[in-house]
Amino acid sequence: MAEVVKLLTHAYTDFLVHGQIPPTDVIKLLISKMLGYGILFFSTLVKLPQVANVLRAHSADGLSAVSCELETWGLLVHTAYGYLKGLAFSTYGEASILFAQNVLLLALIYKYNRMPLSRQLAAVVLLGGAIAAVITGNVSLAQISHAYDLNNIILMSARLPQILQNFSARSTGQLSIITYAANTLGCVARLFTTMQEGGGSAMFRQYVISLVLNGILVMQILVFGNKGVAARKAKPAAKKA
């Protein structure tokens, strides 16, 4: 945030004091920083509509546990990469915030879909162990860089089961349009900030892939909605009649 204030001061001095338009590089970096912190703020709200949908319906119908698990791992790798690489928190911080929200959503999916206790314990042990390894310095930057290169595969593996499940059911169940629309817009903004702040080609590729996959999910929600859920609820009602 201090860097944003510094850039704003620079731009203010050039424009209002000296009557000059600030250098293009300064303007781009300022926009990038402001977008980064804006994404950080809005990331605190991204998954909450999805969580609210599940809690309100007392159901995780339409949500793929595998997709959520893989997405959670991908967010953890993304966070660890930014942390160990020493990037500005504004360039990757939303991954850590979304990770925390994803853990909550995963817990709800486990609860409402009555997933085996062994699977739940395995997720807790693996995620907890990975976090501890990063914090204690037992994971090197080289190792996490290799993991980050694989993150694109993890990302596709996380989204594709959900996309295929939606096509198969012709329904998106309790998927939230707000959550996935926000993810899509966030990817567009992150493509710009990654180019401006040196996130690297691997990070740029990840946001391109994420943009495409989230865009597909948004289209599915708009086209399918929760038609399949409504149809299944209508059948028992028809039988009773």
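Structure above, values below:
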quantity	calculated
Mean projected area (nm²) of the alpha-carbon convex hull when the range 152-214 is viewed from all directions	4.3 nm²
Three-way shape call for the range 85-139 based on the alpha-carbon gyration tensor, with the a/c threshold at 1.5	oblate
For the range 61-158: span of alpha carbons on each principal axis (Å, largest first)	39, 23, 22
log10 of Debye I(q)/I(0), alpha-carbon scatterers only, for the range 58-100 at 0.15, 0.21, 0.31 Å⁻¹	-0.43, -0.66, -1.02
M34 accessible area, assembled protein chains, probe 1.4 Å, Å²	110 Å²
Stretch gain in nm, segment S59-M195, where the contour uses 0.36 nm per residue and the Cα spacing is subtracted	45.0 nm
Portion, in percent, of the accessible area of the range 21-139 that falls on carbon or sulfur, probe 1.4 Å	71 percent
Net lengthening on full extension, L141/K111 (0.36 nm per residue, minus Cα-Cα)	7.3 nm
Shape of the range 98-212, Cα gyration tensor, a/c cut at 1.5	oblate
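The values are calculated or read from the model by the stated rules, or taken from the named source; none is laboratory data. Because the structure is a prediction, the values reported are computed rather than measured. SASA here: full protein model, heavy atoms, side chains in, ligands and nucleic acids out. Shrake-Rupley method; radii C 1.70, N 1.55, O 1.52, S 1.80 Å.
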